[in-house]
Amino acid sequence: MTYNVMVKVLIVDDSQLIRNVLTEIVSSHPKMEVIGVAVDPYDAREKIKKLKPDVLTLDIEMPRMDGLTFLKNLMRLKPMPVVMISTLTLDGAEKTLDALEIGAVDYVAKPRVSILKGFSEIEDVIRNKIYAAAHVKMNALITDGTNLSVNKGNSFRGLDESDNPCGNSEVMPAKNVLDGISVSKKPCSVIAIGSSTGGTEALKKVLQSLSVNMPPIVVVQHMPSSFTDSFAKRLNKASKLTVVEFSENNMPLKKGYVYIANGAEHFKLALINKQLIGLRDDGEPVNLHKPAVDVLFDSVAEYVGSPAIGILLTGMGSDGAKGLLRMKQGGALTIAQDKESCVVWGMPRVAVEMDAVQYELPLKEIGAFLEAVCLKI
């Protein structure tokens, strides 16, 4: 699909009000059309076969079959871009993170109060997420198979498994990350990472590959504040490093720790008595985001300089590109996830175009590169 082709959207939700609201929002985009609505996963199954949508919006809580069960079967049998419709509750956060692990591209958080008013305030966000989802690389989401652990005995009858273009593909061994690259070991005080769409799984893959003696790692992932604590706890279980949500102001940063920015505040670094600390900042959104990657990267450029590493992972938009350039200009080593492994090559693309990136690396090789630079291996 090219960006000039009309995007066909199927809306799956048991609430007629939400179906109507989403239909109106999506239809107002000049390059998207709602080709159908479905009241539950069984209805969606039939309409997927008949209407062949490019992207689905999918409610998590539905009768007859919940959205996560449907998503598991869909990703195994007929992978396609899905944007989840979730709540901002703790339970909603857990289920949304489950959905992203299974293979959903992104999510839209349901308003806490008035549906009409709440959705009207985020119309542009909804349209952008759905439109971007239609153009993601599904192979980057599901090719390794690690998020497709479903019982094949619970097949969702009616979807042809032969339609799956990437679920059964083999992963070819990657060329060694250091082949042909001259990497000088350098003192590293901190590693700063920014990510957005597709970033929850990308971050997990990077952190899983790192050993416990890494320098402090600070992260901005675009997500609501009600999600970041759950996200940090999931990463902590998956990694040898200690992963926490950054919540305590003036917190000294420790070796072997990963600090995830709270979704309600900017995350900045500073030096106090030669000790690197983290700061909470309740300032205005930057690049439409709070927390913003640029805010974090700018503080690293100002207070750390050369003994720092900056990384931009998959994400929509341009947040972090200018900050990464400032880090590079200050002597830091800068990395971007390469186009082929990105779910959305947005933030890294802008950074590359600005000449802010020294190394473009496949996602699965970033961890090995970091250890080669920071550790004595």
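Just checking, does the range 81-95 include any residue being on the phi < 0 side of the Ramachandran plot, open to solvent by 30 Å² or more (accessible area, probe 1.4 Å) and either of a type in the set (Asp, Glu) or modelled with pLDDT of 95 or more (or both)?
Yes, that holds for at least one residue.
Using the structure shown, decide if GLN337 is open to solvent by less than 10 Å² (accessible area, probe 1.4 Å) and touching a residue at least 12 places away in the same chain (Cβ under 8 Å). Write out each step before concluding.
Values: open to solvent by less than 10 Å² (accessible area, probe 1.4 Å): yes; touching a residue at least 12 places away in the same chain (Cβ under 8 Å): yes.
Considered against the rule, which asks whether it is open to solvent by less than 10 Å² (accessible area, probe 1.4 Å) and touching a residue at least 12 places away in the same chain (Cβ under 8 Å), GLN337 comes out as yes.
Kindly indicate which of THR228, THR197 is part of a helix (DSSP H, G or I) and either at pLDDT 95 or above or within 17 Å of the chain's Cα centre (by Cα) (or both).
When all the criteria are applied, what remains is THR228.
Restricting to the range 253-274, name every residue that is of a type outside the set (A, V, I, L, M), over 18 Å from ALA301 (Cβ atoms) and either touching a helix residue (DSSP H, G or I) at 6+ places or on another chain (Cβ under 7 Å) or touching a residue at least 60 places away in the same chain (Cβ under 8 Å) (or both).
Scanning the range 253-274 gives ASN262, GLY263.
Could you tell me whether any residue of the range 150-164 is within 20 Å of the chain's Cα centre (by Cα), at pLDDT 50 or above and surrounded by 11 or more Cβ atoms within 10 Å (Cβ to Cβ)?
For the range 150-164, residues within 20 Å of the chain's Cα centre (by Cα), at pLDDT 50 or above and surrounded by 11 or more Cβ atoms within 10 Å (Cβ to Cβ): absent.
Name the residues in the range 90-122 that are among the basic types (Lys, Arg) and in contact with a Ser or Thr (Cβ under 6 Å, 6 or more places away or on another chain), would you?
The one that is among the basic types (Lys, Arg) and in contact with a Ser or Thr (Cβ under 6 Å, 6 or more places away or on another chain): LYS110.
Tell me, please, whether a residue that is touching a strand residue (DSSP E or B) at 6+ places or on another chain (Cβ under 8 Å), in a loop (DSSP other than H, G, I, E, B) and in contact (Cβ under 8 Å) with a residue 40 or more places away in the chain can be found in the range 238-252.
Checking the range 238-252: not a single residue is touching a strand residue (DSSP E or B) at 6+ places or on another chain (Cβ under 8 Å), in a loop (DSSP other than H, G, I, E, B) and in contact (Cβ under 8 Å) with a residue 40 or more places away in the chain.
If we only count strands (runs of 3 or more DSSP E) wholly inside the range 281-377, which ones have 1 or more residues that are closer than 22 Å to GLY256 by Cβ?
308-312, 333-337
Only one of these is touching a Gly at 6+ places or on another chain (Cβ under 7 Å) and among the acidic types (Asp, Glu): ASP294, ASP338. Name it.
The unique qualifying residue is ASP294.
Considering each of LEU235, LEU279 in turn, give the residue that is over 16 Å from the mean Cα position of the chain (by Cα) and at pLDDT 95 or above.
None of the others qualify; the one that does is LEU279.
Could you tell me whether ALA202 is open to solvent by 20 Å² or more (accessible area, probe 1.4 Å) and touching a helix residue (DSSP H, G or I) at 6+ places or on another chain (Cβ under 6 Å)?
When the stated conditions are applied, ALA202 does not pass them.
So which of SER226, SER209 is touching a residue at least 12 places away in the same chain (Cβ under 8 Å), open to solvent by 10 Å² or more (accessible area, probe 1.4 Å) and over 19 Å from ALA264 (Cβ atoms)? Working first, answer last.
Working: SER226 fails: over 19 Å from ALA264 (Cβ atoms).
Just one listed residue meets the conditions, SER209.
ALA109 fails exactly one of the following numbered conditions: (1) open to solvent by 10 Å² or more (accessible area, probe 1.4 Å); (2) out of contact with any helix residue (DSSP H, G or I) (no Cβ under 9 Å at 6 or more places or on another chain); (3) touching a residue at least 24 places away in the same chain (Cβ under 8 Å). What is the number of that condition?
(2)
Suppose the filter is at pLDDT 95 or above and touching a strand residue (DSSP E or B) at 6+ places or on another chain (Cβ under 8 Å); does GLN337 pass it?
The answer is yes for GLN337.
The values are calculated or read from the model by the stated rules, or taken from the named source; none is laboratory data. As the structure is a prediction and not an experimental result, all values here were calculated from the model. Backbone-built Cβ (ideal geometry, glycine too); neighbour counts: all protein chains shown. The area values use the complete protein model at the heavy-atom level, side chains included, leaving out ligands, DNA and RNA. Shrake-Rupley method; radii C 1.70, N 1.55, O 1.52, S 1.80 Å.
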